[in-house]
Amino acid sequence: MSGFRFVDVCAGAGGLALGLEQAGFDPVLLLDSKPVACETLRLNRPTWKVLEMDLLEFVPDEHPETYDVDLLSAGLPRVKSSATTARAETEEEQRLLEAAVLLAHSVQPRALLIENVPGLVDAPEFEPLREFIRKELEHLGYRMRWFVLNAADYGVPQDRKQGVLVALKEQHFDSFRPPAPTVTEHVPVGRALRHSMAARGWRDADAWAAQAINVAPTLVGGSDNRGGADLGPTGTKKAWARMGVNGGALADEVPGPESDGSSDMVKLTDAQAALLQAFPPEWRFAGRKTARYRQIGHASPPPVAKALGAAIAGALRV
């Protein structure tokens, strides 16, 4: 192992932490406010130290193992424009983003990784947030790179653009390069899900997979405060329909022989949604179906986190 240590806040279902682990980082602490997310983390990594707490209430003095880590990572709730969502929700997301940045004052990591919406990188409405981040981090001796990655370029069977901020202490910054794509060909939904679609003996699985030739639209976990589990807004559901998938709900199990010859569109299971986020099949999610799907939809795909972790580790070694 490299000996790199990290703290992960707003850890969710562990997609970011899992990818960083695969890149050679060891977590000293993972923090999330949702009980079901913390249960998921403990299910999969019983040895990880998981703290169920709101980031706004976290006091590093009470957890000295977080001091001077190599990396502070945060897969924060998606910051939305105040024009598109409730003001209170927007303010909460911005407060969490600001809290993650301010945490660098006490933790003093050698590197900081924040993953969020692509608009955070360059959209005009987020300029005040970027300016806040720049002032705080430059004051602490960090230099920053903002960029957008698409998970599909890293083997994830999904068109999922992610806005990324990597900040490093001055001595490491010039050695950092955003990760290059790891695949030359995107993985279509049919190839990613063919095996699982055939698991119960559905004879049309191969025919379905042969026509599902595109990557998945971005999975959307939805709000914890309302609604059930579906695959996203109207435009997203139309894209799914073109691949023979009913995006209006999730199934409890994959199709079986009873679906042979049916003209109905198939529904995906939450386990298949996890495959579209490129979680390993053995990664388990706690909670009921809707809670599991929300964790999956909100997660950072592990292969993207692994690529980012490898790029950061390369800079820290210099």
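What follows draws every value from the coordinates through simple rules; no lab data is involved. On a predicted model such as this, the values are computed, not experimentally measured, just so you know. Using ideal geometry, Cβ is built from the backbone for each residue, glycine included, and neighbour counts are taken over all protein chains shown.
For the chain, what is the relative contact order in percent, using Cα pairs closer than 8 Å and at least 6 residues apart in sequence? Write out the running numbers ahead of the final one.
Values: 641 pairs, mean separation 65.3, N = 318.
It rounds to 21 percent for the chain.
If R0 is 41 Å, what FRET efficiency do you get for Arg130 and Asp61 from their C-beta distance, rounded to 0.05? Efficiency at R0 = 41 Å is approximately 0.90. Its relative contact order, with pairs defined as Cα atoms under 8 Å and 6+ residues apart, puts segment 189-296 at 29 percent.
Spin-label model, Asp260 to Val220: label points 7 Å out along the Cα-to-beta-carbon direction sit 3.8 nm apart. Taking Lys and Arg as +1 and Asp and Glu as -1, the other residues whose beta-carbon sits under 15 Å from that of Leu112 total 0. The percentage of C-alpha pairs in the chain whose separation is greater than 27 Å is 43%.
The lysines within cross-link reach of Lys135, meaning a Cα-to-Cα straight distance under 21 Å and a gap of 8 or more places when in the same chain, are Lys169.
Global dimensions of segment 1-125 from alpha-carbon coordinates: Rg and Dmax equal 14.5, 46 Å.
From the helices alone, meaning DSSP H stretches of at least four residues, give me the mean residue ellipticity at 222 nm for the chain, per-run term -39500 (n - 2.57), in deg cm²/dmol to the nearest 500. Working shown, then result.
Values: 12 runs with 116 residues, N = 318.
Helix contribution divided over all residues of the chain: -10500 deg cm²/dmol.
Couplings 3J(HN,Hα) of segment 105-121, computed from phi: 4, 8, 6, 6, x, 6, 9, 10, 10, 10, 10, 7, 6, x, x, 5, 6 Hz, in residue order, whole Hz [Karplus 6.51 cos²θ - 1.76 cosθ + 1.60, θ = phi - 60°; x for Gly and Pro]. Please determine, in degrees from 0 to 90 and to the nearest 10, the orientation of helix 302-316 with respect to the longest principal axis defined by the Cα atoms of the chain, where the helix direction is its Cα long axis. Taking Cα atoms only, the helix is inclined about 20 degrees.
What share of Cα pairs, in percent, lie more than 23 angstrom apart in segment 95-253?
Working: 6720 of 12561 pairs.
The share of Cα pairs beyond 23 Å in segment 95-253 comes to 53 percent.
Helix 35-44 and the longest principal axis of the Cα set of the chain meet at an angle near 80°. For segment 154-194, the Cα gyration tensor yields ellipsoid semi-axes of 31, 11, 6 Å (square root of five times each eigenvalue, largest first, whole Å).
What number comes out for the charge environment of Arg143, summing +1 per Lys or Arg and -1 per Asp or Glu over other residues with Cβ under 15 Å away? List each step's numbers first, then the result.
Values: positive: Arg110, Arg130, Arg134, Lys135, Arg145, Lys169, Arg177; negative: Glu136, Glu138, Glu170, Asp174.
Local net charge: +3.
Among the listed pairs Lys161/Lys267; Lys34/Lys267; Lys267/Lys289; Lys80/Lys161; Lys80/Lys238; Lys161/Lys306, those with a Cα-Cα distance over 19 Å are Lys161/Lys267; Lys34/Lys267; Lys80/Lys238.
Computed log10 I(q)/I(0) for segment 189-296 at 0.23 Å⁻¹: -1.40, from the Debye equation with unit scatterers placed on every C-alpha and solvent omitted.
Estimate the FRET efficiency between Glu253 and Asp159 by the formula 1/(1 + (r/R0)^6), using the beta-carbon distance for r and 35 Å for R0, to the nearest 0.05.
Values: r = 26 Å, r/R0 = 0.76.
After rounding, the FRET efficiency stands at 0.85.
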